[in-house]
Amino acid sequence: MASSSEMLSLSFFLFLTVSQPQAKTFQPKALLLPVTKDSSLQQYTTQIKQRTPLVPIKLTIDVGGNFMWVKCEKGYVSSSYRYVPCGSKICKISRSGACVVKCPPPHRPGCNDNACSHFSYNPYTRISTLGEMAADAVLIQSTDGRSSGPMVFVPGLVFSCTFRSPSLLKGLSSGAEGIAGLGRSLVSLPSLFASAFKFQRIFAMCLSSSSQSNGVIIFGNGPYEFQPKKEVSKSLMYTPLVRNPKSTRRYYSKDDPSTDYFIRLTSIKINGRAVPLNMSLLHINEEGKGGTKISTFDPYTVMERSIFMAVLKVFMEETKGVTRVPSVKPFQYCISSKNLGSTRVGPPVPTIDLGLHHKSVSWRIFGANSMVQLKDNVLCLGFVDGGLNPRTSVVIGGHQLEDNLLQFDLVKRRLGFTSSLLYMQTTCANFNFTSSV
Ligand SMILES: *[C@@H]1O[C@H](CO)[C@@H](O)[C@H](O)[C@H]1NC(C)=O
Ligand SMILES: *[C@@H]1O[C@H](CO)[C@@H](O)[C@H](O)[C@H]1NC(C)=O
């Protein structure tokens, strides 16, 4: 016999999938989250309104994260909180490996009997703690891809209610209470929003290079318009998303596929000159090692040592005439920007082309994304040495993603990318957040 609380939760999920009273009156085609850059910690954060009554919750974005997790330790008050029972469908598709059979009373958010459990992972501390899978009400802005639309209500958005670890929030942006996981799973925010409103499992991420004005994540298909009236979804180039059969994070079962977004990097060219690379490093082996992924966790692109050294060598040769200055950690090559001038796409340095699955498809990195302005007149090549034996050979980090729109299409299993929006005379900070209602 199922307990009454189990019945309650089961019927709650039935209600979730069968009826959507709010959606009947207004069916959004896309949703919107503003993204703020925390320059001091090099993190990207957002805010959602959750619970009943609604409370704003600040979260650090993890593009490859499995799901959203929120600190539940104290002060979680909500009349719409429901835990996910073990053995339920949503528990199964979340690939939970654990069930809390008995939690010592009093039962409360994060502590219930027969609750589906997960490890919530903090990539900044590499610490995981157990959390209770739950669902709670969320209010989020809709969009037509051009400006903000009406707020819409999700009665039960699944997340992990995480407790029992004082160190859980360490390393996160000040005030952040958890992580917004956007990864390749059935319980990440893009998947949950898509199923709540019956739109495709697609989202676009556009990170602003400035902490002063917000970038944006749009859940749903385009248009993606940035002022002045640049509809950038027309400019997307595509490359397949590659499956990594093994998680690249700690505390996951070895059999779990990675929820990170991997792409097939096959060459690197600097000013059109091919960088000699050990191709076996670009391949993902059966243990899940190697390959290239996208990361909001790493502020700068990290490359396995032989790749990094080869890139550095060609880049230095291609900037021979420029004045070199002492390097500043974590970078190894810095130049003087005095008399260097600038272009629409940043400092005039050699372009770096990331060649992808086909020789006609490459992601061009211009000066604004390759170079980091440190202080007056010092510019450094914004790539870092990942050492000799990293799990993933190339991790494309935040600085290289800024002012590029990336579209993650989980249906067609492909990544769309625009290269620098500066080239199109706009930026990720140019989304019109003014509401039409
Ligand atoms: C290329 O990388 C693989 C994997 O790390 C390594 O075993 C091999 O020795 C490397 N080859 C060369 C020529 O360095
Ligand atoms: C921004 O969007 C609002 C609402 O749709 C609209 O009224 C306004 O004209 C837009 N602003 C610009 C600069 O296009």
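Quick note: the coordinates plus some simple rules give every number you see, no bench work behind them. Everything numeric here is computed off the predicted structure, so don't read it as measured data. Backbone-built Cβ (ideal geometry, glycine too); neighbour counts: all protein chains shown.
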Compute the length gained on full extension between Ser211 and Lys338: take 0.36 nm times their separation in residues and subtract their Cα-Cα distance, giving the result in nm to one decimal. 43.2 nm
If you place +1 on the Cβ of every Lys and Arg and -1 on the Cβ of every Asp and Glu, how big does the dipole about the Cα centre of the chain come out, in debye to the nearest 20? 340
Quick one: go through the range 345-379 and flag any residue whose amide nitrogen is under 11 Å from the point 7 Å out along the Cα-to-Cβ line of Asn271. 349-351
Sorted by chain and then number, the residues having a modelled amide H within less than 5 Å of the amide H of Asn404, at least 5 places away or on another chain, are Leu207, Leu421
Cys99, Cys161, Cys91 arranged by Cβ crowding within 10 Å, fewest neighbours leading: Cys99, Cys91, Cys161
Test item: Cα-centred dipole of the range 4-223, Lys/Arg +1 and Asp/Glu -1 on Cβ, debye: 180
Set Lys and Arg Cβ to +1 and Asp and Glu Cβ to -1, take the dipole of the chain about its Cα centre, and tell me which of Pro56, His107, Ala135 lies farthest positive. Ala135
Determine ³J(HN,Hα), in whole Hz, for all residues of the range 93-100 in sequence, where each value follows from phi through the Karplus function 6.51 cos²θ - 1.76 cosθ + 1.60 and θ = phi - 60°; x replaces Gly and Pro. 5, 7, 6, 5, x, 9, 9, 8
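Write down the Å³ per residue value for the convex hull defined by the alpha carbon atoms of the range 4-223. Could you put the intermediate results ahead of the total?
Numbers: hull volume 25.8 nm³, N = 220.
It comes to 117 Å³ per residue, whole-number rounded.
Please quote Rg/Rh for the range 104-244 to two decimal places, taking the Kirkwood radius as Rh and restricting both calculations to Cα atoms. Before the final figure, lay out the partial values.
Working: Rg = 17.7 Å, Rh = 17.6 Å.
We get a ratio of 1.00 for the range 104-244.
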Got a sec? Which residues in the range 353-391 would a label at Met237 touch, if it sits 7 Å along Cα→Cβ and we count backbone N under 16 Å? 353-367, 369-370
In nm, give the distance between the simple-model label positions of Gln47 and Lys375, each being 7 Å from the Cα along the Cα-to-Cβ direction. 3.4
Please list the non-local residues whose amide H lies under 5 Å from the amide H of Arg201, H modeled 1.01 Å from N, same-chain partners needing a gap of 5 or more. Val411
Counting only residues 5 or more apart in sequence or on a different chain, those whose built amide H sits under 5 Å from that of Gln43 are Asp38
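Checking the a/c ratio against 1.5 first, then a/b against b/c, what shape does the Cα gyration tensor give for the range 209-286?
oblate
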At q = 0.18 Å⁻¹, what base-10 log of I(q)/I(0) does the Debye formula yield for the range 275-391 when every alpha carbon is treated as an equal point scatterer in vacuo? -1.01
Connecting C-alpha atoms closer than 10 Å in a GNM of the chain, tell me which of Gly181, Gly288, Gly398 has the biggest fluctuation. Gly288
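What ranking of Thr259, Thr248 emerges when the number of other C-beta atoms within 10 Å of each C-beta is taken as an exposure proxy, fewest first? Walk me through the numbers before you get to the answer.
Details: Thr259 26, Thr248 21.
Going from least to most buried by this count: Thr248, Thr259.
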On full extension of the chain, what length is gained from Gln200 through Glu317, given 0.36 nm per residue of separation minus the C-alpha to C-alpha distance? 37.6 nm
When the label point is put 7 Å from the Cα of His357 along its Cα-to-beta-carbon vector, which residues of the range 230-247 have a backbone N closer than 20 Å? 233-246
Highest first, please rank the peptides 210-222, 143-155, 338-350 by the mean number of other Cβ atoms sitting within 10 Å of their residues. 210-222, 143-155, 338-350
From the phi angles alone, apply the Karplus equation (6.51, -1.76, 1.60; θ = phi - 60°) to the range 360-368 and give each ³J(HN,Hα) in whole Hz, x where the residue is Gly or Pro. 8, 10, 9, 9, 8, 10, 9, x, 4
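Going by how many other Cβ atoms sit within 10 Å of their own, how do Lys92, Lys246 line up, fewest first?
If I rank by nearby Cβ atoms, fewest first, I get Lys92, Lys246.
Counting only Cα atoms, I'd like the Rg/Rh figure for the chain, Kirkwood definition for Rh. Display every interim value, and only then the final one.
On the way: Rg = 22.2 Å, Rh = 22.6 Å.
Result for the chain is an Rg/Rh of 0.98.
Given an 8 Å cut-off on Cα distances and at least 6 residues of separation, report the relative contact order of the range 232-435 as a percent.
Values: 430 pairs, mean separation 54.8, N = 204.
Once divided by the residue count of the range 232-435, the mean separation gives 27 percent.
Fully extended, how many nm does the chain gain between Val328 and Asp144 (0.36 nm per residue separation, minus their Cα-Cα distance)?
On the way: separation 184, 0.36 × 184 = 66.24 nm, distance 4.35 nm.
Contour length minus the Cα-Cα distance gives 61.9 nm.
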